[in-house]
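Engineer: Take this structure, written in structure tokens, and hold onto it; I'll ask about it next.
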Amino acid sequence: MSYKVWTQKTDSESNFTAAELENAAKLSGVKVLSRKRLSAVWPEDVTINIIDEKPPCDTFKCGPLLIVNERVKQLLERFTNDVEFLSVSVKLRGEVYNGYYFANVVVSEDILDRDNSVYEEFDGEIEDISSLRLMDNDASSNVCFLDVDDYILLVREEVAAAIANENIGGVKFFAPEDWRPW
């Protein structure tokens, strides 16, 4: 079974949410891309402001944070224990939307096919992947980050299909070979 890349590159503006942290200082020192559980250090009152004029989608990005609503949380919980859900407050023009979470993915997989992907390397670190190929191996995670890039979120095809079947807004999946960072 192979992976799909989870992106916010939706087909329309109506299926995209632009957001910013209201109180970014609250997350100072919290390593949100550490692949570690953060519940012990997560502030209770992290607030995300929606910049758009429309209600938030079911899932969206706010900087490096993947934000999901209760529907997406419940769906992901059916497939994995490798995502920690940390409560956030989402606001649009003073209206508060409850039931949103930072989906903290705590696992990564070393499955980049370095021979067939196109990327740059700087000081031994892989950067700027422009053509993505993954190795077929026994990776066990249903939801994970690619180990060389904090922003390439991978989900098994069955997870992507379940999300698509639920008409979840704010997400689009690509086969790795069809994914482009721009």
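The values are calculated or read from the model by the stated rules, or taken from the named source; none is laboratory data. Please read these numbers as outputs of a predicted model, since none were measured by experiment. Here Cβ is always computed from backbone atoms with ideal geometry, including for glycine, and neighbour counts include all displayed protein chains. Please note that ligands, DNA and RNA were not included when accessible areas were found on the heavy atoms of the full protein model with its side chains. Shrake-Rupley method; radii C 1.70, N 1.55, O 1.52, S 1.80 Å.
Engineer: Give me the net charge of residue 78's neighbourhood, meaning all other residues with Cβ under 14 Å from the Cβ of residue 78; Lys, Arg count +1, Asp, Glu -1. Provide the component values of the computation, followed by the final result.
Structural biologist: Details: positive: 71, 73, 156; negative: 70, 77, 82, 158, 166.
Its environment carries a net charge of -2.
Engineer: Can you put 113, 123 in order of accessible area, largest first, using a 1.4 Å probe? Let's see the in-between values first.
Structural biologist: Working: 113 30, 123 130 Å².
Order by accessible area, largest first: 123, 113.
Engineer: Related question: For the Cα atoms of the chain, what angle does the longest principal axis make with the long axis of helix 70-79, in degrees from 0 to 90, nearest 10?
Structural biologist: 30 degrees
Engineer: Want the number for residue 74 to residue 180: 0.36 nm per residue separation, take away the alpha-carbon distance, what's left?
Structural biologist: Working: separation 106, 0.36 × 106 = 38.16 nm, distance 2.86 nm.
Full extension of this stretch gives 35.3 nm more.
Engineer: Within 10 Å, at most 10 other Cβ atoms, and a DSSP state outside H, G, I, E, B define an exposed site. Report the longest part of the chain free of exposed trypsin sites (Lys or Arg not before Pro). Provide the component values of the computation, followed by the final result.
Structural biologist: On the way: sites that count: 31, 93.
It runs 94-182.
Engineer: Also, I was wondering about something else. Which of the lysines could be linked to residue 31 by a straight reach, that is with a Cα gap under 29 Å, when you skip same-chain ones fewer than 8 residues away?
Structural biologist: Qualifying lysines at Cα under 29 Å: 4, 9, 61, 73, 91, 172.
Engineer: A follow-up question, please. Apply the Kirkwood formula to the range 27-182: the hydrodynamic radius equals the inverse of the mean of 1/r over all pairs of different alpha-carbon atoms; give it in Å with one decimal.
Structural biologist: Numbers: mean 1/r = 0.0596 Å⁻¹.
By the Kirkwood definition, the hydrodynamic radius is 16.8 Å.
Engineer: When the helix-only estimate is applied to the chain (DSSP H runs of n ≥ 4, each -39,500 (n - 2.57), divided by the residue count), what is the mean residue ellipticity at 222 nm, nearest 500 deg cm²/dmol? All intermediate terms of the calculation are to be shown ahead of the outcome.
Structural biologist: On the way: 2 runs with 19 residues, N = 182.
Roughly -3000 deg cm²/dmol at 222 nm, from the helical runs in the chain.
Engineer: Given 0.36 nm per residue, what is the gain on full extension from residue 35 to residue 54 after removing their alpha carbon distance, in nm?
Structural biologist: Details: separation 19, 0.36 × 19 = 6.84 nm, distance 3.16 nm.
Gain on extension, residue 35 to residue 54, equals 3.7 nm.
Engineer: Then there is this: Quick one: go through the range 21-51 and flag any residue whose amide nitrogen is under 18 Å from the point 7 Å out along the Cα-to-Cβ line of residue 13.
Structural biologist: 50-51
Engineer: Next question. Along the three principal axes, how long is the range 1-109 when you take its alpha carbons, biggest first, rounded to the nearest angstrom?
Structural biologist: 40, 34, 20
Engineer: With a probe of 1.4 Å, find how much accessible area the chain has per residue, and write the answer as a whole number in Å². Walk me through the numbers on the way to the answer.
Structural biologist: On the way: 9490 Å² over 182 residues.
Normalised by residue count, the accessible surface of the chain is 52 Å².
Engineer: Moving to a separate point now. Take residue 87, project a point 7 Å from its Cα along the Cβ direction, then tell me which residues of the range 7-41 have their backbone nitrogen under 15 Å from it.
Structural biologist: Residues passing the 15 Å test: 39-41.
Engineer: Can I ask one more? Which percent of the accessible area of the chain is formed by carbon and sulfur heavy atoms (probe 1.4 angstrom)? Working shown, then result.
Structural biologist: Numbers: 4150 of 9490 Å².
Taking all protein chains in place, the chain shows 44 percent carbon and sulfur surface.
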